[in-house]
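The values are calculated or read from the model by the stated rules, or taken from the named source; none is laboratory data. Model, not experiment: these values are computed from the prediction. Every residue, glycine as well, gets a Cβ built from its backbone with ideal geometry; the counts of neighbours run over all protein chains shown. Calculation scope for accessible area: heavy atoms of the full protein, side chains included, ligands and nucleic acids excluded. Shrake-Rupley method; radii C 1.70, N 1.55, O 1.52, S 1.80 Å.
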Amino acid sequence: SDLKQMLFCFVAYFCDRDLALLDLINFFIHCSGCKGTVRIEMFRNMQNAEIIRKMTEEFDEDSGDYPLTMAGPQWKKFRYNFCEFIMVLVRQCQYSIIYDEYMMDTVISLLTGLSDSQVRAFRHTSTLAAMKLMTALVNVALNLSINQDNTQRQYEAERNKVAGKRANEKLELLLEKRKELQENQDEIENMMNSIFKGIFVHRYRDAIAEIRAICIEEIGVWMKLYSDAFLNDSYLKYVGWTLHDRQGEVRLKCLKALQTLYTNRELYPKLELFTNRFKDRIVSMTLDKEYDVAVEAIRLVTLILHGSEDALSNEDCENVYHLVYSAHRPVAVAAGEFLHRKLFSRHDPQAEEALAKRRGRNSPNGNLIRMLVLFFLESELHEHAAYLVDSLWDSSQDLLKDWDCMVELLLEDPLQGEEVLGDRHESALIELMVCTIRQAAEAHPPVGRGTGKRVLTAKEKKTQIDDKNRLTEHLIVALPMLLSKYQTDAEKVANLLQVPQYFDLEVYSSGRMEKHLDALLKQIRVVVDKHTEMEVLEACSKTYSILCSEEYTIMNRVDIARSQLIDELMDRFAHSVEDLLQEGDEADDDDIYNVLSTLKKLTAFHNAHDLTKWDLFKNCYRLLKMGIEQGSMPEQIAVQALQCSHYSILWQLVKITEGCQSKVQLRVVKSFLAVCQQCLSNVNTPVKEQAFMLLCDLLMIFSHQLVTGGRDALQPLVFNPDSTLQNELLNFVLDHVFIDQDDENQSMEGDEEDEANKIEALHKRRNLLAAFSKLIIYDIVDMPAAADIFKQYMKYYNDYGDIIKETLSKARQMDKIQCAKTLILSLHWLWILNLLQRSSLMLQIFNLDGIEFAFKVPNPKGPEYPPPNLAFLEVLCEFSSKLLRQDKKTVHSYLEKFMTEYMMERREDVWLPLIAYRNSLLTGGDDDRLSVTTGASSTSKASTVRSKRGRPPQHKRRPEGRIKPLMFHARAVEGSWVMRNDTLQTPGALHTPQLTSTALRENPRQAADHIPDQGSSEPGSEPDYMHNPQMQMSWLDQQKMEEVNRKERGGMNYMKSRSGGVRQRGLMEDDAEPIFEDVMMSSRGQLEDMNEEFEDTMVIDLPASRNRRERAKLRPDFFDSTAIMEDDAVSAPLRY
């Protein structure tokens, strides 16, 4: 109403149209954010270009914001009111004022000038106003066309009357009215042509994406409102060309504009040529990098399919099919709608009505379910049934919830002439059925789809309850029969045993279906007897756990069946263990199998059930001790015994925390931890990894945090690892985590699943590192142990960078000072390693200082005992082999000054560091030709050759450059700054280093010009520091100088290549800027069908190539971009 009141005030136009138009002009100027005002003298005496230039000078561009770009609800409302004002203005003036050849001419002329301005605010605001003005004029033109048709019909009806009844005056009035309407129509068309050619043609390819989006959005409205005038190739081509726009916002507007057209089935014949021309582009946009664009592209392809089955080829459909497995749910759901439309929608109403009366496998869904299974099996790239079901859930619920039909297809024999389901088809159908049951019972997408569980509405909650009751009614009877039929198939049974967790278990008692419960328990027991696969056994254990819930009345019945099963397994296990222990090394395969199969079943049940009253820990501990003492225990038995013992200890701990009496003692925990510690040296990798993971878990559980939360009574159970155990855990991580993946998978070469095995091995190593990192974070292992972990950050960044970074972050939160010391310790040894590998003099000095440090402090017990720091000689052993022959003699002479005759005669273990170090100085030397000048070893070339010929030996598992675990060094230098907490203050805030972008790479031709001039360097500058031999050069500075030298050599090689005949194009040379930017997630070769090019200064441009058509004198191609080019239609340079 306020807008109408404003417009009625504008009717003052009849009194003084100049003043009224001046208000309208200032309205557009001010809506652009300009503070200037057009005065009446300017309006009457100046041209539009001069007025716009004057307003540009008064425009405040400091902020860059203007009303259309500002955020907030008030500015959003402003945009809506601005557009509504223009629509209402034309609607109120459509009968008289717009035809006076003054107001509309002035407004269109002003908007055309503003739309060509270099000021973005003017261009954006005027384009929006012009497009909305065009939409309003299209409405007026549509009304005129309707009135013309009505007048023409009235005229024809009156003229066809007999002469006596014909009214000549009425015919004359109708002729005059038709003539007036035609004149008005012509006038409106002239206005629309002016706006389209003067504004749209230039602004639909504007440099600003918002402006291009406005143009495409409005042309879609014109085609929908007035399809007779605008829905033709001359206008559709602009939408087709803009499908290749670089900005997702513009591509999205194109797709939505086309959706409104393809929704109307009557318009499809007019879109046939456009569909054939741009179909490939639309299909390729289903893989767009912008998810919103991809979703709308899939919906548009679905509309095209709905309009014509033949419009899309099989290849086009297959490009959309696989998107049902996308992790992005809106994309997958849109692809599911397409799949439903293509494969599962019925088009024969009579056949559908006849099949609707049938039930089960003969129902309309029978063949559709077979088709769904076939589609799932033929999806070679994906095996995620849950994702497929979720994609089809919104569009095919009637099909996916037909559990009666699915059960009949699995249980009943096929009818005559019906194809039998194969084993793969049955497995796929069972998997799909279980996924549909889960989706119906939980009412949320599977893991990986969506951000989390959302709150269900009342309607959704009711649907969930109804679905759960219906699936329980169908499957509570059928499940035992299905288990009976497939009891020997592990994969099928494992899937079917997931079904009871989605039942409404109260139905067993309320519906008097206890006999079906007994049948289910009987079949589960049969499955447990027949299978030893952990997946099946864990499914059985979980099913028993669900059925034994105390909230259900069937608990007692299920508990009795479970106890009988466990009693039988325990009796069998006890006898088989006794037989195995008695026979020892003479045990045969049957004895080992009996123990292993029974132990697997008990371990699976002990995971979910409290079996402490059967005392499984005793026999498992006996098996482990025998394996340690005799070393002949099969690795699978050892792994299962470790896991089962772990569960036993945890269940006893649960009883204590709940206030129950239990016999778990710290002695039991320590004995099991000792067994795990001994298993770390087992020859079998699975046993070592299992023991390591259990050690880490138990150290976390029985740490000092066990007594938090008022559990002081558990203080006797707290266990703190000693330094030996910490060292062994750290050594295990360094030996089994920080290794080259190629070394570990060397035996897998030639295997088709090599990549999958590598990924699985990496995942296992990440779990090992994460388990040890938790011990550091929770202050169970001393923080200096993390130094050996932190120093691997750069080398193994891709594999473990996130874990190490998170560990460092948590350690810093726990103790900033100790974390800083640990980091410095890690960096210190890395620096020493790199420095000593480069300088023979520094290497010699390091050995001499190390010898002095090792013998500096005598043992207070007497000279017959080794010095406390003698162990540091083990560190020196890592570097003594790199010494020159003459340097070894010097170092050995220096060592003998500190040694006594008593030391030389000692051979005990405590003197081993001295013996090893002395031997390393006396042996070798033939191949040690270390250059004193360069510090480079002549063996480096040989080692390079060896590395190219073959892989490194597998026994060398520790990372290159590793000395020893730094925990050992920390103890060796006890009392040094690393262990002092009172002398170090927390540093203040550091200055943020200046960052240098690496996005633009330097041209090799200019590399030599950027090398600093040594002669002109200032004292203290970086070149002076790098080239002045009197200044000490750190390792980082050496790296920097080598990088400069490499650039210099690269520049010289480039100049040589330029002088050698044919010029070779270097990889670092700047290529011409690509005309197109690929907006696809797939390869860049998808845009084969483009014959429109882009100018360098425009995002979307049209080529001026008329010569081919003019020479051939062919019929004009309405999709040729030259059809809209004018000689004088050159846009002014645009300012962003």
Could you go through segment 706-722 and let me know if any residue there is among the β-branched types (Val, Ile, Thr), over 19 Å from residue 790 (Cα atoms), at pLDDT 85 or above and not in a helix (DSSP H, G or I).
yes
Residue count, segment 80-101 (criterion: more than 24 Å from residue 194 (Cα to Cα) and open to solvent by 80 Å² or more (accessible area, probe 1.4 Å))
1
Of all residues in segment 394-410, how many are open to solvent by 50 Å² or more (accessible area, probe 1.4 Å) and part of a helix (DSSP H, G or I)?
3
Give segment 413-427 a look and list any residue that's open to solvent by less than 50 Å² (accessible area, probe 1.4 Å) and either assigned to a helix (DSSP H, G or I) or modelled with pLDDT under 75 (or both), or say none.
418, 426, 427
Looking at segment 490-510, is at least one residue in a helix (DSSP H, G or I), over 44 Å from the mean Cα position of the chain (by Cα) and surrounded by fewer than 14 Cβ atoms within 10 Å (Cβ to Cβ)?
yes
Scanning segment 182-204 residue by residue, those open to solvent by 10 Å² or more (accessible area, probe 1.4 Å) and charged (D, E, K, R) turn out to be 183, 186, 187, 189, 197
Can you tell which of 391, 363 is open to solvent by less than 10 Å² (accessible area, probe 1.4 Å) and closer than 17 Å to residue 345 by Cβ?
391
Given the residues 521, 482, which is the only one that is touching a residue at least 40 places away in the same chain (Cβ under 8 Å), closer than 22 Å to residue 440 by Cα and out of contact with any strand residue (DSSP E or B) (no Cβ under 7 Å at 6 or more places or on another chain)?
482
Checking residue 367 against (1) at pLDDT 90 or above; (2) more than 25 Å from the chain's Cα centre (by Cα): exactly one of these is not met. Which one?
(1)
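Quickly run through segment 473-489 and pick out the residues that are open to solvent by 30 Å² or more (accessible area, probe 1.4 Å) and in a helix (DSSP H, G or I).
473, 474, 477, 481, 484, 485
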Pick from segment 447-472, criterion buried (at least 17 other Cβ atoms within 10 Å of the Cβ) and modelled with pLDDT of 90 or more, ranking: farthest from residue 389 (Cα to Cα):
472
Any idea which of 239, 301 is closer than 26 Å to residue 449 by Cα and among the β-branched types (Val, Ile, Thr)?
301
Output the residues belonging to segment 523-582 that are of a type in the set (Ser, Thr, Tyr) and surrounded by fewer than 20 Cβ atoms within 10 Å (Cβ to Cβ).
532, 545, 549, 552, 553, 563
Do we find a residue being within 22 Å of residue 538 (Cβ to Cβ), surrounded by fewer than 16 Cβ atoms within 10 Å (Cβ to Cβ) and touching a residue at least 60 places away in the same chain (Cβ under 8 Å) anywhere in segment 428-442?
yes
From the list 746, 690, 678, 741, which one is over 16 Å from residue 780 (Cβ atoms), open to solvent by less than 70 Å² (accessible area, probe 1.4 Å) and either at pLDDT 85 or above or of a type in the set (A, V, I, L, M) (or both)?
690
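Okay, residues lined up against (1) buried (at least 23 other Cβ atoms within 10 Å of the Cβ); (2) free of Cβ contacts under 8 Å to residues at least 12 places away in the same chain:
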position: 231; (1), (2): no, no
position: 245; (1), (2): yes, no
position: 255; (1), (2): yes, no
position: 259; (1), (2): no, no
position: 277; (1), (2): no, no
position: 288; (1), (2): yes, no
position: 298; (1), (2): yes, no
position: 309; (1), (2): no, yes
position: 317; (1), (2): no, no
Before we move on, is residue 653 under 42 Å from the mean Cα position of the chain (by Cα) and either under 18 Å from residue 574 (Cβ atoms) or not in a loop (DSSP other than H, G, I, E, B) (or both)?
yes
Given segment 547-636, what helices (runs of 4 or more DSSP H) lie entirely inside it while holding 1 or more residues that are touching a residue at least 40 places away in the same chain (Cβ under 8 Å) and within 30 Å of residue 511 (Cβ to Cβ)?
555-583, 589-608
Looking across segment 61-79 at residues that are open to solvent by less than 60 Å² (accessible area, probe 1.4 Å) and not polar (S, T, N, Q), the single one that is farthest from residue 113 (Cα to Cα) is 72
So which helices (runs of 4 or more DSSP H) stay within segment 780-892 end to end and still have 3 or more residues that are open to solvent by less than 10 Å² (accessible area, probe 1.4 Å) and closer than 30 Å to residue 697 by Cα?
786-790, 797-814, 816-836
